[in-house]
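Following: one structure in structure tokens, then a few remarks.
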Amino acid sequence: MSIYTYIKQAFPDVPIVDISDYYSKHIEPAKRIYQNNPPWKDVVNTGIKKKKRARSLTNMAKVICDKLATMTFSEQCDIAVSDKEYNDVVMDTLEANCFWERFPEFLSRSYALGGGVLKGYIENGEICINYINADRFFPTKWNSRQITEGVFCNEYVQNGCCYKLFEYHTLTDEGVSIRNVLYKSDSKSNLGTVVPVSELFPQLSENVIFKGIKKPIFVYFKPAVGNNMVFDLPLGLSVFANAIDTLKEVDIVFDSLEREFMLGKKRIIVPSELIKTLFDDNGNEVRYFDINDEAFQALRCEEAEKLNIIDNTQNLRVTEHTDALKRLLDILGMQLGFSPGTLSFDSSSGVKTATEVAADEKDTLRTVQNNKNIITEVIENLADVIINLTQAANGSSKEYTVSVNWQDNIIGDDNTRIENNINLVQSGLKSKLRAIMDAQNIDEEAAKEEMKRIEEEQDIGGTMMDGGDDE
């Protein structure tokens, strides 16, 4: 059953647009590919007796999503709230909910499924964050800026029973209203029957209102990918949705390379007269070649050339396969908005400086920056959710602003940074003190001490070269 069918049973009085086709045609297939369970996972031969075998897979979809998550959230960002009390609440909440560890995983899944939701809630007086996959959220209302209302479907297994909790979030004049409906069944595939919410969550009410909050207490993230499948939906699209054929070709070539080693193993052709027979425990005749017979074989010699033992081992086509993989990965990178070589497994290009990376990977940097702009807005909205829940809990209403600042998105190597500082000092565009601070990553006081030591060493060196004072 689709998530839409479940929701209609849970909330029959709520008018909800049926967009379940988007889940079945786009989100679910992308989820299976990300889980390394693509439609092409098996190979079926075309002989008289059809046989099926498992194809060797690269799971390149997960590699892509993990790589993009790393590139877009590899640097610690600074979250600043103008009010110190709220700033402490936001930072403490993020730390308590393992945000810095779990957010990269959330991003990887969101890049695969085309979106994800960060939902705030209060449990035992503490603000918590839920990291929800796109297939567990169903939007019910949205505008040109954001999704404002929706239903969350959470599954739990306890005491041998399967529970499904549906949360319907709406905005009212009073604030954020949440309706909770709990179903219980003996199987994950069945919705089951309605039971009191307190059966699984003793402290949770069936109706909850966070008074005074005028914005949703969840944040929807979708990748910076234009949705060319359905134009008028607020849902995102998987980053590899338009490259599925290429993902399949990569796995086909990779599987062929693996089969090349299996089928290309050493093969020796021996005369039939050298084949012996024996019977196994079941009485079946088994033919074998005794490799321990090293001499004195009595054979008929009518056709002497047939008595030769021949090595019929075939050459492995490794180069052809690796070249094909490289071309396919370049095509895949182009479809994903990456620069050529981003997905390459070949390190022959050598080590590049930060300046060379910036020059050679413009497409990749542009794709990363587009996603980081969206992530910045998501983190700012998440901070708003935390502060709004705090205000609803304690009745405060102070004004505040939230900003997210990133470090330089190009991480330079030490040699490049030092060389740049030397050039700036020599051209008179930077002081020695500031250059030492930047090159050695130290504060001004430590840089002054370092300058003093350098000058003293230079004075000593100059004196030694002059031969010292004459008597």
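The values are calculated or read from the model by the stated rules, or taken from the named source; none is laboratory data. Note that the structure is a prediction, hence the values are computed from the model and not measured. Please note: Cβ atoms are built from the backbone with ideal geometry, for glycine as well, and neighbour counts cover all protein chains shown. SASA here: full protein model, heavy atoms, side chains in, ligands and nucleic acids out. Shrake-Rupley method; radii C 1.70, N 1.55, O 1.52, S 1.80 Å.
Some notes on this structure:
- Listing of strands (runs of 3 or more DSSP E) fully contained in the stretch 143-221 that carry 3 or more residues being closer than 30 Å to Val378 by Cβ, modelled with pLDDT of 90 or more and open to solvent by less than 20 Å² (accessible area, probe 1.4 Å): 147-158, 161-171, 175-185, 218-221
- All strands (runs of 3 or more DSSP E) inside the stretch 1-86 with 2 or more residues being surrounded by 12 or more Cβ atoms within 10 Å (Cβ to Cβ) and either modelled with pLDDT under 90 or at negative phi (or both): 78-81
- Residues that are under 19 Å from Lys31 (Cβ atoms) and not aliphatic (A, V, I, L, M), drawn from the stretch 216-233: Tyr220, Phe221, Lys222, Pro223, Asn227
- Output for the stretch 222-251, where each listed residue is over 30 Å from Thr140 (Cβ atoms) and open to solvent by 50 Å² or more (accessible area, probe 1.4 Å): Asp245, Lys248, Glu249
- Under the condition of being of a type outside the set (Asp, Glu), open to solvent by 30 Å² or more (accessible area, probe 1.4 Å) and modelled with pLDDT of 75 or more, the residues counted in the stretch 329-369 number 10.
- Of all the residues in the stretch 397-437, those that are modelled with pLDDT of 80 or more, of a type outside the set (A, V, I, L, M, F, W, C) and under 30 Å from Ile375 (Cα atoms) number 7.
- Selection from the stretch 105-142 of residues that are more than 26 Å from Lys214 (Cβ to Cβ) and open to solvent by 40 Å² or more (accessible area, probe 1.4 Å): Glu105, Arg109, Asn133
- Unique match (being within 30 Å of Lys8 (Cβ to Cβ) and either of a type in the set (S, T, N, Q) or within 21 Å of the chain's Cα centre (by Cα) (or both)) among Phe73, Phe99, Phe103, Phe137: Phe137
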